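To start, the structure under review is shown below, and the notes come after it.
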Ligand SMILES: Cc1cc2nc3c(=O)[nH]c(=O)nc-3n(C[C@H](O)[C@H](O)[C@H](O)COP(=O)(O)OP(=O)(O)OC[C@H]3O[C@@H](n4cnc5c(N)ncnc54)[C@H](O)[C@@H]3O)c2cc1C
Ligand code: FES
Ligand code: FES
């Protein structure tokens, strides 16, 4: 069937099987490789994207389910090829190591900083639950996102 | 700022699944759904009938005379663990490859699986050609007999744990114009190249291995696995690029996990807290097939059993044994956390028996001059470090909070040395290391060393991914070795380049950058005691509502030698600490009574989420430089060594029941 | 790699269209948010002939408040409940329950209907809904039926829904001036729950006017509702607890990856005890 998705403001249309997962459409049809697959079962958030402004795990959705919605991936969080505040801060604070979790924390971090009120460490820690970083022990990630969100 | 991280945060990494070629074929592995069975029929796909090879372990010498069985690439006649590769299929469509995998028919005659160390010792051999299930046995130290006043015994166990890097394993193999090109997510392009060359009988000149960006490894991306051989073989056969990406489910069933070690120990001492000896057995469950690393694991654990302590009498017997589980591999720390957990738990047992403060007992047994353990391990005097650390961590306060304290050593795996290459090209300095990066820290020390030796600004230095055609010889990244070994090789390569620069009369960095110089260096290294770091860890626990144990706060006072970048080191330490804590609480690879892994998802393997992160108090300190030219010591595995015994003790202090097995048995709370 | 088997995909825009398609097909699978449906497909534990997407059916996306009667359409996303439900105590219990589901991503994808219809003992909303005596509103070709949630579940993963039927939503009466408590316990985050307990009580001058409790979770099975009508005094807390502990002792709890039976029973005692304290103690 024809699947038409809007990702980072661009329309992508392609003839695909209905069983195609959203994450595969993003990676293989749209060619946006920044969204990763870590667990395939909703356990890790490596595949996280924004769908009409809400964070979702794109490994748990069919591509067709996202028709008519606005999808934002890690590549689309900022203006052309840049980094938004959260991404910049994560980079500056050396919050990541292997970098495979970058999409998850960029997406969820951005969402938290734009949507949660009365931010503190504890709220951020709870808000980030659902995105796995296997390398860092989370500490610098939590502190960095808290700081950005507080200044939002 | 790190360019690598910035690239990742833009979503522009080049991880293994990001690498694609036109006409690519996708490989799916069909795996055994039984832990122990005869294969009655395998119909469909590539099977052992077409591809009858076994993996080769490095270090051939170790294999002689050992009861040693190496894994076949595809199972033949019998399957010996759940998840063992039986057949392989491929298609140009990823989804269709999966459909195809379902059409392969396998029928089994089930056999009783051997699943524990005890079972293994008392059961018929799982390998028909062997006489029993013992892979190898060792003696470490010297037999002794002591008339000590106090002798205490306990059995300690650390369950299997999965490496679970966030990026699973994966490979792209492309045989093209007579050469096999391999892209892979790895800790060492060299072990992959050596392995594939030997297993497939290729000429070393005909294979190049390139490292993709590597999304974590923790030990799981060093060895050659069956899937790599299959992908390479199929690419040679089809002349097409072949990609295989591991699913998380496959990671759980088939990637080599670590730990699975048991110790039956007896500690000897006097009534005042002076330890007189340690003896006993160390048993390691290596799974269905062995390699050098797994089969020598008991002796490696035994070697470091005295840790930072002065214990004059040591005798350890080590055994590695077969079970019907996935073959064992290294997991972050590989032997170091085991040794530390075992000795630290025994010292706590001894202190409790005497009613003494465990910290005082430790102090009584720390050397004030270089100590050579009967196992051959040499450690620098550790007492002063411990005394200082205990002060810095404010022990009085810790005691109030019923903290657990552990003291350990981190022995870097420097053996084999390392290589490095520097090449100046189009205005930038490109660096290749034999130990392949998947941490920022590599990039940071590379930039630092080049700047120090050659005066070239850090933003002109690029750390390249591992590549066997640029740098032919190398070892790999594991065992907290990189900063020492790769750092050393790079330092030497930089000095050699500096010499060339001076000969040519180039003065300004700008002039150097417009040259086309290059240099390469390799040197083997030997461990010396100055490279071993000391790790003092304390943990404070809480038991939420009496049913949920957690670590609230973890404190570390770690010796890192000359720190290269404290921010990058900090992240590595906190990462290791959280893994270590989680190994105490929930993280484990458990099997059901049929030998199938119990967990089906990443979360069910018990890994840590942000909500599990404790408050960290990490103090990075230097207890002298190491003998490596830039003074660095290992750090990568520090947290996984220090956290488990401290965390177990902290929980023990609250529940007042002895913890000798990880992850903790929740029944202790019932 | 986990990928779904091949299937036909049908997006339905009206209930009639749904009934027509669902009745024509031999093996259809409803998909709303898809968090569980897609996972089941990926695990290939179901191989439906067709997947029927119900997310665009207007009746399922409604919220209706009529005096003290609340209807939540099945497609309502879990994260939205906090913002759309009224302020009464029954709604408060639902919101408490919903806000503990998975992580924010699961709550922004997952729907009320998906949570209620799966029948997994670890699902949250059924416990809260059982405690407040909500009803399942079931649609079928020839009309609508209202069934108490307590009789909606036959056993784990089995509800009374038949082929061609659909959950339109859930319906409950607002409760005012109650205290609520929602407690649950997991070993691993984003994994199943050992136990879930919901409690709601109205107390006036040390007299219990109304007190309802429900429990589910991996150790328990499908949601159970406790009959607490005989208790009228707040100072009977100890007796109430003992009664419920006795109940726990009658259920068959298995040793498995979530712990030993002993441990799991301790978990249930603890959750019950905490929930009772929260609603009855002042
Ligand atoms: C990582 C992870 C964590 C989770 N954590 C929790 C948790 O903490 N608590 C919890 O309760 N759940 C949890 N879940 C389960 C699930 O996400 C939620 O139950 C969610 O509400 C399901 O809604 P959905 O719209 O995604 O359902 P879908 O996947 O669309 O559907 C689920 C099932 O319900 C059926 N169905 C859906 N709507 C209807 C309808 N209107 N009528 C009839 N049948 C219908 C479908 O056919 C399917 O069988 C978790 C899931 C994942 C993957
Ligand atoms: S890959 Fe989607 S949550 Fe892990
Ligand atoms: S940096 Fe490796 S998973 Fe987060």
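The values are calculated or read from the model by the stated rules, or taken from the named source; none is laboratory data. Nothing here was measured: the structure is a model prediction, and the numbers come from that model. Methodologically, a virtual Cβ is constructed for each residue, glycine included, from the backbone with ideal geometry; neighbour enumeration extends over all protein chains shown.
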message: Going through A:23, A:64 one at a time, which residue ends up being within 14 Å of residue C:3 (Cα to Cα), within 16 Å of ligand 1 (Cβ to nearest atom) and outside any loop (DSSP other than H, G, I, E, B)?
response: A:23
query: Scanning for something in contact with a strand residue (DSSP E or B) (Cβ under 6 Å, 6 or more places away or on another chain), more than 15 Å from residue C:100 (Cβ to Cβ) and within 13 Å of ligand 1 (Cβ to nearest atom), does region C:194-205 turn up at least one residue?
result: no
field: Within region B:179-262, strands (runs of 3 or more DSSP E) holding 1 or more residues that are within 16 Å of ligand 3 (Cβ to nearest atom)
entry: B:207-211
task: Could you list all residues from region C:135-159 that are in contact (Cβ under 8 Å) with a residue 40 or more places away in the chain and not in a strand (DSSP E or B)?
output: C:141, C:149, C:150, C:156
message: I'd like to know if region B:605-619 contains one or more residues that are outside the structural domain of residue B:484 (by TED's automatic domain parsing), closer than 12 Å to residue B:579 by Cα and touching a strand residue (DSSP E or B) at 6+ places or on another chain (Cβ under 6 Å).
response: yes
query: Based on what the data block shows, is residue C:31 within 12 Å of chain A (Cβ to nearest Cβ), farther than 29 Å from residue B:248 by Cβ and under 25 Å from the mean Cα position of the chain (by Cα)?
result: no
- prompt: Of all residues in region B:638-659, how many are under 16 Å from residue B:351 (Cα atoms), more than 14 Å from chain C (Cβ to nearest Cβ) and in contact with a helix residue (DSSP H, G or I) (Cβ under 6 Å, 6 or more places away or on another chain)?
  reply: 4
Yes/no for residue A:92 being modelled with pLDDT of 95 or more, over 16 Å from the mean Cα position of the chain (by Cα), within 7 Å of another protein chain (Cβ to nearest Cβ) and surrounded by fewer than 24 Cβ atoms within 10 Å (Cβ to Cβ): no
message: Between B:609, B:591, which is within 11 Å of another protein chain (Cβ to nearest Cβ), free of Cβ contacts under 8 Å to residues at least 40 places away in the same chain, crowded, with 16+ Cβ neighbours inside 10 Å and out of contact with any helix residue (DSSP H, G or I) (no Cβ under 6 Å at 6 or more places or on another chain)?
response: B:609
- request: Search region A:22-35 for residues that are over 16 Å from residue A:101 (Cβ atoms) and at the interface with chain B (Cβ under 9 Å from one of its Cβ atoms) and pair each with any residue that is modelled with pLDDT of 95 or more and assigned to a helix (DSSP H, G or I) when their beta-carbon atoms are under 6 Å apart and the residues are at least 6 apart or on different chains.
  value: A:32/A:26; A:32/A:75
message: So, restricting to helices (runs of 4 or more DSSP H) that lie completely within region B:428-525, which ones have at least 2 residues that are within 31 Å of the chain's Cα centre (by Cα)?
response: B:440-454, B:482-503
- request: Scan region A:105-142 for residues that are within 10 Å of another protein chain (Cβ to nearest Cβ) and either assigned to a helix (DSSP H, G or I) or within 16 Å of ligand 2 (Cβ to nearest atom) (or both) and report the count.
  value: 25
query: Does residue B:627 satisfy the condition of being surrounded by fewer than 22 Cβ atoms within 10 Å (Cβ to Cβ), in contact (Cβ under 8 Å) with a residue 40 or more places away in the chain and either over 30 Å from residue B:667 (Cβ atoms) or not assigned by TED's automatic domain parsing to the domain that holds residue B:385 (or both)?
result: yes
task: Could you tell me whether any residue of region B:384-399 is in the same structural domain as residue B:555 (by TED's automatic domain parsing), outside any helix (DSSP H, G or I) and under 30 Å from residue B:219 (Cβ atoms)?
output: yes
query: Restricting attention to region B:523-538, does a residue exist that is surrounded by fewer than 24 Cβ atoms within 10 Å (Cβ to Cβ), in contact with a strand residue (DSSP E or B) (Cβ under 8 Å, 6 or more places away or on another chain) and farther than 25 Å from residue B:304 by Cβ?
result: no
- prompt: Considering only residues of region C:244-282 that are without any contact (Cβ under 8 Å) to a residue 12 or more places away in the chain and away from chain B (no Cβ under 14 Å), which is farthest from residue C:200 (Cα to Cα)?
  reply: C:252
task: Taking the residues in region A:38-60 that are part of a loop (DSSP other than H, G, I, E, B) and surrounded by fewer than 24 Cβ atoms within 10 Å (Cβ to Cβ) as candidates, determine which candidate is nearest to ligand 3 (Cβ to nearest atom).
output: A:41
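Rundown of residues vs (1) farther than 28 Å from residue B:153 by Cα; (2) surrounded by fewer than 19 Cβ atoms within 10 Å (Cβ to Cβ), yes/no style:
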site: B:346; (1), (2): no, no
site: B:361; (1), (2): no, no
site: B:376; (1), (2): no, yes
site: B:389; (1), (2): yes, no
site: B:403; (1), (2): no, no
site: B:410; (1), (2): no, no
statement: Picking from B:118, B:139, the residue that is modelled with pLDDT under 95, surrounded by fewer than 16 Cβ atoms within 10 Å (Cβ to Cβ) and under 26 Å from the mean Cα position of the chain (by Cα) would be B:139
query: Exactly one of (1) over 11 Å from the mean Cα position of the chain (by Cα); (2) facing another protein chain (nearest Cβ under 7 Å); (3) touching a residue at least 24 places away in the same chain (Cβ under 8 Å); (4) over 20 Å from residue B:249 (Cα atoms) is unmet by residue A:43. Its number?
result: (4)
field: Criterion (crowded, with 19+ Cβ neighbours inside 10 Å and closer than 21 Å to residue B:545 by Cβ) met by exactly one of C:251, C:187, C:208
entry: C:187
- prompt: Out of region C:90-121, which residues are within 6 Å of ligand 1 (Cβ to nearest atom), under 13 Å from the mean Cα position of the chain (by Cα) and in a loop (DSSP other than H, G, I, E, B)?
  reply: C:101, C:110, C:118
- request: Look at residue C:127 and say whether it is away from every other protein chain (no Cβ under 14 Å), in a helix (DSSP H, G or I) and closer than 30 Å to residue A:71 by Cα.
  value: no
query: Taking region B:27-49 only, how many residues are within 8 Å of another protein chain (Cβ to nearest Cβ) and surrounded by fewer than 21 Cβ atoms within 10 Å (Cβ to Cβ)?
result: 0
- request: Restricting attention to region B:544-598, report how many residues are closer than 30 Å to residue C:260 by Cβ and more than 21 Å from the chain's Cα centre (by Cα).
  value: 18
task: Looking at (1) closer than 23 Å to residue C:188 by Cα; (2) within 14 Å of chain C (Cβ to nearest Cβ); (3) more than 16 Å from ligand 1 (Cβ to nearest atom); (4) touching a strand residue (DSSP E or B) at 6+ places or on another chain (Cβ under 9 Å), find the lone condition where residue A:100 falls short.
output: (2)
